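To start, the structure itself, in structure tokens.
The values are calculated or read from the model by the stated rules, or taken from the named source; none is laboratory data. What you see is a predicted model; the values in this text were computed from it and never measured. Positions of Cβ are backbone-derived with ideal geometry, glycine not excepted, and every protein chain shown enters the neighbour counts.
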Amino acid sequence: MILGLAGGAGILALTGSPQRTVTPSGPILSECDGHLRELVLHYEPAAKAIVAPIYRDFLRALDRDVSVHLVCPDRAGFEDFVATVGQVPCRISPILAGHPMTAWSRDRWVALTPAAPGGATTLWSPRGEAGQEVWPARAGDERIGRDIAAALPKSVQARRSGLYFDGGDFLADEETVFVVPRVLQRNLQQTVCTREELLGILSRELKRRVILLDEAPDHHAGMFMASVGGKTMLVGDPSLARELISVEMAPHDRAPTIDFMGLPGGPDFSAQTQHLFDAVAGQCAAAGYRIVRIPVLPAQDRRTYLTYVNVLIDEQGNRRLVFLPVYRGAERLNAAARAVWESLGYEVRPVDCTSAYRHFGCLHCLVNVLRRD
Amino acid sequence: MKKKDILTIATAALGTATLTVTAFWAGPLDAGHDAEAPAPLAAKTRLVAHGVEIGLAASGGRIFQAGEQPEFELTATNTTNQTANVSVCVTMTASSLADALSRTVRLPAVMWWQEQIVSLGPNETKTLTLATRTNLPAKSVISVSLHDLDQKAPTPLAAIVALSFATTTNGASPFVASAR
């Protein structure tokens, strides 16, 4: 046995324990800089009623030079997409996962840019998916990063983190990545011992200044904030929405706090919720950002939002475009939000997201960005 | 030394060498280093407060179903060589299973909670049984979390989800209560 132990140790010393080599990657992809080149959407026929209207609007508004990878459970799913959404100008190519999945592409991975020009984009996936032990579709979601890398081996590599997170928990521009408080809650004393340890890991992986929000609405970052470039942050403001829906409801002689747009429990204009949105604005200002407020309408369930920051931004030379959610029945809110984006110099391309907001997500949640120029 | 003895020694040495290499070959997984397929968390999730490790498990390793009133075993281990007192809040919440299409699980509803003070001698371990006397809803994901009451930070930062499982109406496809 002693000989065996010595022999084994000798083998290890000579060959070196094969550390799991970590392929280099660049910083996290910015949300607001660069031209959209490759996107990833999911299509699950069971969620057709939610996503099809949005995809129809969005894909028809995209430029022709954008490539869209559509992850589907199987070939029948892709054919159903083609039949349902119809012709679109951009290029659509299927990735057949071969397993159940949800429609929410954004949360499955975070794109890390190539370490060197011409290199591969890294899809940084979380350690696991919430609810995966219960829902097969969530268990399937856990595999999406590897599915995409297997389908696009020359340009994409997959890497799984030791941390728990959703892709939507991060909001990045070219300088900073903001992280919602939930990431700390999910990882403290589970995968990391201290807040500082988590920050260190995120800084090392994302290669940007990391700001962990201490206070924020309990939701994905893209539901309440958007970085719009030029060190400017757009932050939702329920009080702006309150004024608008009061006008909206007046002709119907109804109190504005009752049953607007089917929001569960009605709109949430509580001081506590207002404080959370204001706290985000304060933390971004402390980080050196100019703050612009935009109407947002959260519901009492704290999950359902009518939000106008859950967007896709495209930079084309001097032009800046925003694919902006709009909602049927909320025309005054839609118009006010559009005015804010236009005041920031954006060309607005509206996308009807009425079918999605009751499921706690919107356009940005359904679309993940693989590559920008 | 006989040839047979040499063969026996060589075989044992080879086997031990193989085991040694195998045991230390795999790189470590920690939160800062990525791996293609990370292993499940090696240890059960425990709340650590004032040198006391606190864990939770289903009483008797039971499988809970809708309509039942679950009981849990709270185990506290004092890892120090001094007496220790901890105040912990145990909270049980329920979320709907029906949100498979939604982006996030709906906010869980608090079904039961209990504050528990545990006093331990040096290196002592105690196990307490907690009876919820609360009927579990059907088709729900049940989570049980631990929170150190002495933490000055807001509750969410100190709460640890120690146990989670799902319920069905008739016992079909029950899920074993698993410590996270």
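Filtering the range A:205-238 to residues that are in a helix (DSSP H, G or I) and either over 21 Å from A:VAL110 (Cα atoms) or in contact with a Cys (Cβ under 6 Å, 6 or more places away or on another chain) (or both) leaves only A:PRO238. Being within 14 Å of chain A (Cβ to nearest Cβ), farther than 15 Å from B:VAL48 by Cα and within 20 Å of the chain's Cα centre (by Cα), is that true of even one residue in the range B:126-138? For the range B:126-138, residues within 14 Å of chain A (Cβ to nearest Cβ), farther than 15 Å from B:VAL48 by Cα and within 20 Å of the chain's Cα centre (by Cα): absent.
Checking the stated criteria, A:ALA139 turns out not to satisfy the condition of being more than 11 Å from every other protein chain (Cβ to nearest Cβ), of a type in the set (Gly, Ala, Ser), farther than 30 Å from B:HIS147 by Cβ and in a helix (DSSP H, G or I). Here A:LEU14 fulfils each of the conditions (1) assigned to a loop (DSSP other than H, G, I, E, B); (2) at pLDDT below 95 apart from (1). In the range A:254-277, the residues that are among the aromatic types (Phe, Trp, Tyr) and assigned to a loop (DSSP other than H, G, I, E, B) reach residues that are crowded, with 16+ Cβ neighbours inside 10 Å and at pLDDT 85 or above with C-beta atoms within less than 7 angstrom, at least six apart or across chains, in these pairs: A:PHE260/A:ILE245; A:PHE260/A:GLY266; A:PHE260/A:PRO267; A:PHE269/A:PRO238; A:PHE269/A:ARG242. Tell me yes or no: at least one residue of the range A:37-46 is part of a helix (DSSP H, G or I), modelled with pLDDT of 95 or more and within 14 Å of chain B (Cβ to nearest Cβ). Looking through the range A:37-46, none of the residues is part of a helix (DSSP H, G or I), modelled with pLDDT of 95 or more and within 14 Å of chain B (Cβ to nearest Cβ).
Of the numbered conditions (1) surrounded by fewer than 22 Cβ atoms within 10 Å (Cβ to Cβ); (2) within 14 Å of another protein chain (Cβ to nearest Cβ); (3) in contact with a helix residue (DSSP H, G or I) (Cβ under 6 Å, 6 or more places away or on another chain), A:TRP104 satisfies every one except a single condition; which is it? Failing condition for A:TRP104: (1). When A:LYS207 is tested against (1) surrounded by fewer than 22 Cβ atoms within 10 Å (Cβ to Cβ); (2) within 27 Å of A:ALA336 (Cα to Cα), exactly one condition is not met: (2). Counting only residues that are part of a loop (DSSP other than H, G, I, E, B) and at the interface with another protein chain (Cβ under 10 Å from one of its Cβ atoms), how many does the range A:143-169 have? The total comes to 5. Just one of (1) β-branched (Val, Ile, Thr); (2) in contact with a helix residue (DSSP H, G or I) (Cβ under 6 Å, 6 or more places away or on another chain); (3) at pLDDT below 95 fails for A:ILE2. It is (2). Scanning the range A:108-130 for residues that are aromatic (Phe, Trp, Tyr) and in a loop (DSSP other than H, G, I, E, B) yields a single hit, A:TRP109.
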